[in-house]
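K.L.:
Input: one structure, supplied below.
The values are calculated or read from the model by the stated rules, or taken from the named source; none is laboratory data. Keep in mind that what you see is a predicted model, and the values were worked out from it rather than measured. Virtual Cβ from ideal backbone geometry, glycine too; neighbours counted across all protein chains shown.
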Amino acid sequence: MFAGFTVDHPLTITAKMTIKTHRILVPTASSDTEPKKPHHIAYTDWGDPDNPHVVVCVHGLTRNCRDFDFFAHAIQNDCRVICVDVVGRGQSDWLEHACDYDYYPLYLADAAALVTFLQTQYPVPITLDWVGISMGGLIGMILAIQPGLPFSVNKLIISDIGPLIPAAALKRIAGYVGKDPRFENFEALQAYMKAISVSFGPLTEQQWHHLAIHSAREYPDGSFGFRYDPRIAISFQSHEIKDIDLWAQWDRLTVPTLVLRGVGSDILSTDTAAQMKLRGAKARIVEFNGVGHSPMLLDVEQIDTVRDFILNEGNAD
């Protein structure tokens, strides 16, 4: 299925088709009154740019847009697929002031700016579907209930996140986010990434390698680190870590919603998932064995589940 992808260099991956990468400049929303320098957000663009059925894909906390290469490759003949690097990650800019990473409206403003920009490329309203893994799912969930936007979310797909996030899981994440480790070579970085990401499930070596090469940053001294700003950990450092309760927001959600859950997840519990079927969007829940946090849309079963939901009716059952 993915035979078109070939590794040409330890830090690059190509496909038979061209993977187009773009950057747009957006304002920096902030909690204070000081003017902030605008920043660029990067995204890859798959499929026919004239197709008004647009799927926006947003990654997890420390990940990047290239996590979606396999999914985008699989669905690009049916939809235009926009895969975003959230600010501070991947090829997007790092913020000038670390405190701004702790301002959640910034992420919503960036998302709205990107979709509004995409809409200007069409003479008709786009059909917008949102695919979000972990943090990307939260952004989509909150965006879908915002009033007064010049667009609406048609369908929402979220991977292993919900309206109640346990403090114990957040403490686990806080244990590695922001530490900014350095490695003597790429292989050491990949081994570390596999160790802290084992909950992604039984990925192939090709899939692990793909995730690693797009997560890596090579420094002038030849060492390797991760391609995200370690200051994104400020939220864990500035606040007491406790359960995050977003049930009030979930109960306002009405769009058809698909939720992917890893059976071994410590982020999305079985009880929370069960309530998500009954409340708010009354989501369809699909679980995957052998996976924790979180299903990454790299294997055929996960990809087909999401593609079927997007291309078919997608009403909650």
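K.L.:
If I go through segment 103-141 residue by residue, how many of them are outside any loop (DSSP other than H, G, I, E, B), among the aromatic types (Phe, Trp, Tyr) and either in contact (Cβ under 8 Å) with a residue 40 or more places away in the chain or touching a Gly at 6+ places or on another chain (Cβ under 8 Å) (or both)?
P.N.:
Final tally of qualifying residues: 2.
K.L.:
Wholly within segment 159-220, which helices (runs of 4 or more DSSP H) include no fewer than the required count, namely at least 3 residues that are touching a residue at least 40 places away in the same chain (Cβ under 8 Å)?
P.N.:
In segment 159-220, 167-174, 205-213 are the helices (runs of 4 or more DSSP H) which contain 3 or more residues that are touching a residue at least 40 places away in the same chain (Cβ under 8 Å).
K.L.:
Separate question: Checking the conditions here, which among Glu287, Glu301 is of a type in the set (D, E, K, R), without any contact (Cβ under 8 Å) to a residue 24 or more places away in the chain, on the phi < 0 side of the Ramachandran plot and surrounded by fewer than 22 Cβ atoms within 10 Å (Cβ to Cβ)?
P.N.:
Criteria check complete, one pass: Glu301.
K.L.:
Further, regarding this structure: Based on what the data block shows, is Gly162 within 23 Å of His39 (Cβ to Cβ) and surrounded by 14 or more Cβ atoms within 10 Å (Cβ to Cβ)? Break it down stepwise before answering.
P.N.:
Numbers: within 23 Å of His39 (Cβ to Cβ): no; surrounded by 14 or more Cβ atoms within 10 Å (Cβ to Cβ): yes.
When the stated conditions are applied, Gly162 does not pass them.
K.L.:
Kindly check whether there is at least one residue in segment 91-99 that is buried (at least 23 other Cβ atoms within 10 Å of the Cβ), assigned to a strand (DSSP E or B), at pLDDT 95 or above and in contact with an Asp or Glu (Cβ under 9 Å, 6 or more places away or on another chain).
P.N.:
no
K.L.:
How about segment 232-246: which of its residues are of a type outside the set (A, V, I, L, M) and surrounded by fewer than 16 Cβ atoms within 10 Å (Cβ to Cβ)?
P.N.:
Gln237, Ser238, His239, Glu240, Lys242, Asp243, Asp245 - these are the residues of segment 232-246 that are of a type outside the set (A, V, I, L, M) and surrounded by fewer than 16 Cβ atoms within 10 Å (Cβ to Cβ).
Rundown of residues vs (1) free of Cβ contacts under 8 Å to residues at least 40 places away in the same chain; (2) of a type outside the set (A, V, I, L, M), yes/no style:
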{"site": "Ile232", "(1), (2)": "no, no"}
{"site": "Ala274", "(1), (2)": "yes, no"}
{"site": "Lys277", "(1), (2)": "yes, yes"}
{"site": "Leu297", "(1), (2)": "no, no"}
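K.L.:
Being under 30 Å from Ala212 (Cβ atoms) and modelled with pLDDT of 95 or more, is that true of even one residue in segment 245-255?
P.N.:
no
K.L.:
Can I ask one more? Name the single residue that is surrounded by the most Cβ atoms within 10 Å (Cβ to Cβ) among those in segment 247-271 being within 14 Å of Leu156 (Cβ to Cβ) and not polar (S, T, N, Q).
P.N.:
Result: Leu260.
K.L.:
Tell me which residues, restricted to segment 221-231, are part of a loop (DSSP other than H, G, I, E, B), surrounded by 13 or more Cβ atoms within 10 Å (Cβ to Cβ) and of a type in the set (Gly, Ala, Ser).
P.N.:
Taking segment 221-231 first, the residues part of a loop (DSSP other than H, G, I, E, B) are 221-223, 227, 229.
Still in the list and also surrounded by 13 or more Cβ atoms within 10 Å (Cβ to Cβ): 223, 227, 229.
Within segment 221-231, Ser223 is the sole residue that qualifies.
K.L.:
For Asp78, are the conditions met, namely being over 14 Å from Lys37 (Cα atoms), touching a strand residue (DSSP E or B) at 6+ places or on another chain (Cβ under 9 Å) and assigned to a loop (DSSP other than H, G, I, E, B)? Steps first, please.
P.N.:
Working: over 14 Å from Lys37 (Cα atoms): yes; touching a strand residue (DSSP E or B) at 6+ places or on another chain (Cβ under 9 Å): yes; assigned to a loop (DSSP other than H, G, I, E, B): yes.
Taking the combined requirement at face value, the residue satisfies it.
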